[in-house]
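This report concerns only the one structure given below.
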Amino acid sequence: MTGVHVFPVRVYYEDTDAGGVVYHANYLRFAERGRTEMLRGVGIDQIELLERDGLAFIVRRCAVDFLKPARLDDRLEVHTRVLTAKGARVEAEQVVKREGDDIARLSLEIACVDRQGRPQRLPQRLSAAISPSS
């Protein structure tokens, strides 16, 4: 995978708290959607991956820096970049932006696991599709 995948998000009422600011946990939902669409963009269907190979992705670690609040009706972009993809692990960074300004930064470690939750090496086709050098 070359570069950064960009996924647009609109902030809806359901995404906000009583003060009209995006509730902090919803940034994780936006990021999950961004990663899912990045995988789709390189031809990885997660349902097929589970059914055919018995593999799934889980978030092992996530650190979030909240920089600025997002509000109702904001147009956001989730920028996803894979840093490494080797063994059973994918390291990625995601940045949520509004009008070009970073409003949240996420650093993630994602594990590839089997149906029992045990780590499994990324299949070669998957590793090749998401590796930064491809």
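Given E91, E109, E77, which one is part of a strand (DSSP E or B), touching a Ser or Thr at 6+ places or on another chain (Cβ under 7 Å), acidic (D, E) and at pLDDT 95 or above?
Sole residue among the options that is part of a strand (DSSP E or B), touching a Ser or Thr at 6+ places or on another chain (Cβ under 7 Å), acidic (D, E) and at pLDDT 95 or above: E91.
How many residues does region 8-47 hold that are in contact with a His (Cβ under 8 Å, 6 or more places away or on another chain) and of a type in the set (A, V, I, L, M, F, W, C)?
Residues meeting the conditions: 1.
Just one of (1) surrounded by 16 or more Cβ atoms within 10 Å (Cβ to Cβ); (2) without any contact (Cβ under 8 Å) to a residue 24 or more places away in the chain trips up A92, so point out which.
Failed condition: (2).
Consider L50 carefully, then state whether it is surrounded by 13 or more Cβ atoms within 10 Å (Cβ to Cβ) and touching an Asp or Glu at 6+ places or on another chain (Cβ under 8 Å).
no
A56 is checked against (1) surrounded by 17 or more Cβ atoms within 10 Å (Cβ to Cβ); (2) in contact with a helix residue (DSSP H, G or I) (Cβ under 7 Å, 6 or more places away or on another chain); (3) farther than 18 Å from F7 by Cβ and fails just one. What number does that condition carry?
Going through the list (1) surrounded by 17 or more Cβ atoms within 10 Å (Cβ to Cβ); (2) in contact with a helix residue (DSSP H, G or I) (Cβ under 7 Å, 6 or more places away or on another chain); (3) farther than 18 Å from F7 by Cβ, A56 breaks only (1).
Within region 1-39, how many residues are in a helix (DSSP H, G or I), of a type in the set (D, E) and over 14 Å from the mean Cα position of the chain (by Cα)?
Residues that pass the stated criteria total 2.
If I ask for residues that are more than 11 Å from the chain's Cα centre (by Cα), among the basic types (K, R) and under 20 Å from I58 (Cβ atoms), which ones from region 81-124 would you list?
K86, R89, R115, R118, R121
The values are calculated or read from the model by the stated rules, or taken from the named source; none is laboratory data. Everything quoted here is computed from the prediction, not taken from an experiment. All Cβ positions, glycine included, derive from the backbone under ideal geometry; neighbour counts span all protein chains shown.
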